[in-house]
Structure formats: structure tokens, C-alpha cells
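The values are calculated or read from the model by the stated rules, or taken from the named source; none is laboratory data. Just so you know, these numbers come straight off a predicted model, no measurement behind them. Quick reminder, even Gly has a Cβ in these numbers, built from the backbone with ideal geometry, and neighbours come from all protein chains shown.
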Amino acid sequence: MEEGGPSQTARRVAAHRLDFTRVPADYGDPAADQALAVDVAAGHRAPANRMHDHLAARTSFFDRVVVGALDRGMRQVVIGAAGYDGRAFRYAKPGVRWFEVDHPATQRDKLERLERLGLDASHVRFVEADFTRDPVADRLLAAGFDPEAPGLFLLEGVAVYLEPAVLENVLRQFRQVSAPGSRLAISVSLSRPRGDPARARFQATVAALGEPARSTFEAGEAEALLAWTGWHLVAARDDDQHAAARDDDQQAAARDDDQQAAARRERLRAVGLLLAGAGPATAAPPQARRRRDPAARPPGADRHLQGGRQVGTGHPDPGWPGGRRAGPGRQPRQGRPAHRPGPRRAARLPRANRRDRAALARALHPGRDRRPPGLARTTGRR
């Protein structure tokens, strides 16, 4: 997000959406969404290219997620970095509260447009927040979000513009206020071979607009990040549909649906479109959590994530978590035990192997040694 004005990439996405066929619903005001998009596009026509096709598929994915959630009774929806998204109008439904979280500059421009167009936004709560520094969870609660009720969280087209550590924090903030049954839909930018011309054009375009791309992930890295922040991938259909099948024909049809849903999920995963449910976070050990806070460790201390957990890097203070173990001529500080690595944790990261976790650790914490001095690569012991 540029500092001086509303998001230019959000305006371009609005122009693209004018050409898309949207998922229909028996409720809402599609005309209001269309009016907003026309006003934002201001006569600009989006080119029919590869990006246009990608945005069409992405828009359809998020539309289906929203309609499916609302049809199942979801009563609150959060759109992160909403930009000029008009789903709060297109899919407005009695009893459903919408929360749009966005950078102040873009959100104020949107509010001015809504007022000028005479669009009723009384069912929408507008939450100003800069993802890089503001407490998103606190602001959602202050706006009336109910943490005891399930919610749907959308992060469409924003992850690529966030540093990995910032994205991790946003995901944790959303999970902090999520009740069981909550869902998260997110789009991430997947890595491509170095020198890919389409990726290079995209990066050059958004950088020229003042909104440079800041993160890309392998599919396994994105899933690992979701798991670490308390979000776990779910199937495209509810499990209770299979449980409701009674006779053999219904069960066979349910199995076919399962196979089709699995194939569709893999296609979406291949383009970085993920749907996850709120669950337990893959927690780091207490010492690792302490080392992750830069303010909680002395100057010069370092951290390292290895095998899905953080281990010490030989800090000279043996009493500091992760410090060198006491040995001949080296005793722990009075009142503090010598550091000894604990047993390995069983990783609970879906489809993410050790290489995925290590790559994600390097993305979240660049510039750190991959292998701490004196520690073995696979066991975390000397």
C-alpha cells in the first residue's frame, strides 16, 4: 500500500471484475456491486490476458466460498484488505454482518464513493487498519465482531503484497477471534521458475504502482504457515453430506463427490487458492516462543527454526533459553538449569515435509543461519 493515496491495484481489480460472470444468489444487491465497480474503473477496460483469466478464477473461488458459507448459516464475514470489493452488497443477507478491514486511505476513498452513489452500507462495519502495525483483532472486536460465533475471513489478493512475517501476524490475529467452525479463504502467490516472464511483468507493474510484491510461497509452505497460525485446510464440501448418505446409491454418489472435491481442491491448491478451518495452532515450545519476540532476548541473540521447532544457536549466556549447554569449565548461571534440547515434537503440518518447513522458516526469518553452530541438522542435538 502506498502512503499517499488509495490502492491502485485494487482499482485495477475492480475494472477486471466488470467482465466476470459472478456466482448467483437468492439474496443481495448485485446492481450495487456493479455500480461501485463502474465508478472505480472510471472507463478503464481491463485487457484480456493471463492475469485477467487468473482473476476470473480467483473471483469465482471467493464468490463460491461466500455463498456456500452464507447458505450454511454463517452470520459474520470479514474481508481483509477489502479494497473496492462489493461482496458486502452483492451477497448482502438479512442477519449477516460484514466487516471490511483496510488501509485508511483506500477505505476513506471507498466510503466517499458509496456516499456519492447513494449505496446503503448500514450492514457493513468499516475497520481502518494497517496490517504492518495495527492490532487487527482488537479493532474487529471494537467494531462488534463476535468471537463466540463462527466467522468467514477472506484474504483475496493481499498476501503477495505483505512480508511473510506480516502475513503470519494477520493470520494469527484472525485466528485469535475465531470460534470453532470459522473458515478462512486466502489466495497466495506461488513460486515460479526464476526468470518467468509473466511473473516478471507482474512484479514490474505493481512496483511501478507503488505496491511491490513482497512474498511468494511453495504450496507446502503456504499450508505450513496456515497450520502454524491455527488454520487447517478443509475439503470443498462438508463432511456431514457424506454422513447423511444412507443407502448404497447415496454412498456411492457421496464417494464420487469426494473424489471430485479432492481433484478440484488440488487444482485450486496449484494456483494458490486455499480454504481452511479454525483449529489448534502448531505451537512452538515455550522457549521457542520466547525467542521469537525480539524484545524478549538480549542483543546479539539469534534464533533458528529447525525441523518444525526453534532451537538454540549457542548464545554465550547458558541461562538464556537456547544458550550453550554447560560443559567442562562452563557452568549454568545460578538458579537456571543448563539448556538441553527436549524431545522432538510430532509435526502436525498437513502435506508439509521438513523441506517445506525449513523453506518457510527462511522466508519468515531471512538472514538467519540455516544450521546453528554445533547442532546436528536433523536431530537438534550436538
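Observations
- Candidates in the stretch 137-163 are the residues that are part of a helix (DSSP H, G or I) and at pLDDT 95 or above; of these, the one that is nearest to the chain's Cα centre (by Cα) is 137.
- Test: residue 134 is over 21 Å from residue 18 (Cα atoms), in the same structural domain as residue 155 (by TED's automatic domain parsing) and out of contact with any Phe, Trp or Tyr (no Cβ under 8 Å at 6 or more places or on another chain): yes
- Residue match in the stretch 179-192 (condition: of a type in the set (D, E, K, R), out of contact with any strand residue (DSSP E or B) (no Cβ under 9 Å at 6 or more places or on another chain), under 27 Å from residue 17 (Cα atoms) and without any contact (Cβ under 8 Å) to a residue 40 or more places away in the chain): yes
- Options 114, 119; residue that is of a type outside the set (Gly, Ala, Ser), within 29 Å of residue 51 (Cβ to Cβ) and part of a helix (DSSP H, G or I): 114
- Output for the stretch 146-178, where each listed residue is under 15 Å from residue 79 (Cβ atoms) and free of Cβ contacts under 8 Å to residues at least 40 places away in the same chain: 173
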